[in-house]
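Only one structure is covered here, and it is reproduced in the block below.
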Amino acid sequence: IAWRFNEAAFAQTKLILDSALDCIISIDHEGKIIEFNPAAEKTFGYPRSEAIGKAMADLIIPPSLREAHCRGLAHYLATGQGPVLGKRIEITAVRADGTEFPVELTIVPIRTGSLPIFTGFLRDITERKRAEAARKAAEARFAGILDIAADGIIAVDDSQRIVLFNKGAEQIFGYSSEE
């Protein structure tokens, strides 16, 4: 019965890994890939069969970050501490074709005996970064238009507090926007 339960649990875990929208990549204590789910294949451009057993640093970490990754792994193995473990961070990754792109990453260490494995959950945030950049550019254009408008433009919030007072309004009313 215990064997069947484990077999069922393994099958369920495989289904979860295979259907996850985020990349799930696990490495052993030497930094070699031991799990590379379909989302990782799609995102990074490597088939699972090619990724398994390879050093993760050589596949998905940009050259400029590889040394820091290796130092971090060695530091964890020596001290049991890692500053990025268990946190959500934004960092750069690299695809099989060499293009670098932004990812959101969480890494968790898992003890399976005397040596840990590490599982990373990654999400490509390229589109989010593009949208943020477009929003900032639009806000800058809007602010520029407000600054050069000769007309006074004033906006108030629901409580009737002034939240926008452009240079035209400053000239008309004699108050600075700070006032």
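If Ala55 passes every condition in (1) closer than 17 Å to Gly31 by Cα; (2) within 20 Å of the chain's Cα centre (by Cα) but one, which one does it miss?
Among (1) closer than 17 Å to Gly31 by Cα; (2) within 20 Å of the chain's Cα centre (by Cα), the lone unmet condition for Ala55 is (2).
So Leu17 clears everything in (1) modelled with pLDDT of 95 or more; (2) touching an Asp or Glu at 6+ places or on another chain (Cβ under 9 Å) except one condition, right? Which one?
Only one criterion is unmet by Leu17, namely (1).
What strands (runs of 3 or more DSSP E), lying completely within the stretch 1-114, carry at least 3 residues that are in contact with a Leu (Cβ under 6 Å, 6 or more places away or on another chain) and either closer than 22 Å to Arg128 by Cβ or open to solvent by 40 Å² or more (accessible area, probe 1.4 Å) (or both)? Steps first, answer last, please.
Working: elements: 23-27, 33-36, 88-94, 100-111.
Where strands (runs of 3 or more DSSP E) fall fully within the stretch 1-114 and carry at least 3 residues being in contact with a Leu (Cβ under 6 Å, 6 or more places away or on another chain) and either closer than 22 Å to Arg128 by Cβ or open to solvent by 40 Å² or more (accessible area, probe 1.4 Å) (or both), they are 100-111.
Which one of these is closer than 21 Å to Glu35 by Cα and over 25 Å from the mean Cα position of the chain (by Cα): Thr106, Thr112?
The match here is Thr112.
What pairs come out if I take residues in the stretch 99-115 that are within 16 Å of Gly72 (Cα to Cα) and pair them with residues that are of a type in the set (Phe, Trp, Tyr) whose C-beta lies under 6 Å away, six or more apart or interchain?
Qualifying pairs under 6 Å: Thr106/Phe121; Ile107/Phe118; Pro109/Phe118.
Here is a list of conditions, (1) at pLDDT below 95; (2) out of contact with any helix residue (DSSP H, G or I) (no Cβ under 6 Å at 6 or more places or on another chain), and Lys54 meets all of them except one; can you say which number that is?
Here Lys54 meets the rest and fails (1).
Quick check on the stretch 54-71. Is at least one of its residues within 19 Å of Lys32 (Cβ to Cβ), in contact (Cβ under 8 Å) with a residue 12 or more places away in the chain and among the basic types (Lys, Arg)?
yes
Out of curiosity, is Arg88 over 23 Å from Glu50 (Cα atoms) and among the charged types (D, E, K, R)?
yes
If Gly86 meets every condition in (1) on the phi > 0 side of the Ramachandran plot; (2) at pLDDT 95 or above apart from one, which number is that one?
(2)
What are the residues in the stretch 140-179 that are loosely packed, with under 11 Cβ neighbours inside 10 Å, of a type in the set (Lys, Arg) and part of a helix (DSSP H, G or I), if any?
Arg141
Of the residues Lys136, Lys129, which is over 25 Å from Ile52 (Cα atoms), surrounded by 11 or more Cβ atoms within 10 Å (Cβ to Cβ) and among the basic types (Lys, Arg)?
Values: Lys136 fails: surrounded by 11 or more Cβ atoms within 10 Å (Cβ to Cβ).
Unique residue meeting the criteria: Lys129.
List every residue pair whose Cβ atoms sit under 6 Å apart, with the two residues 6 or more apart in sequence or on different chains, where the first one lies in the stretch 15-41 and is without any contact (Cβ under 8 Å) to a residue 24 or more places away in the chain and the second, anywhere, is of a type in the set (Asp, Glu) and crowded, with 16+ Cβ neighbours inside 10 Å.
Sorted first by the residue in the stretch 15-41, then by its partner, the pairs are Ala39/Asp22.
The values are calculated or read from the model by the stated rules, or taken from the named source; none is laboratory data. None of these values were measured; they are calculated from a predicted model. Counting neighbours? That spans all protein chains shown, and the Cβs are built from the backbone with ideal geometry, glycine included. Side chains included, ligands, DNA and RNA excluded: accessible areas come from the protein's heavy atoms. Shrake-Rupley method; radii C 1.70, N 1.55, O 1.52, S 1.80 Å.
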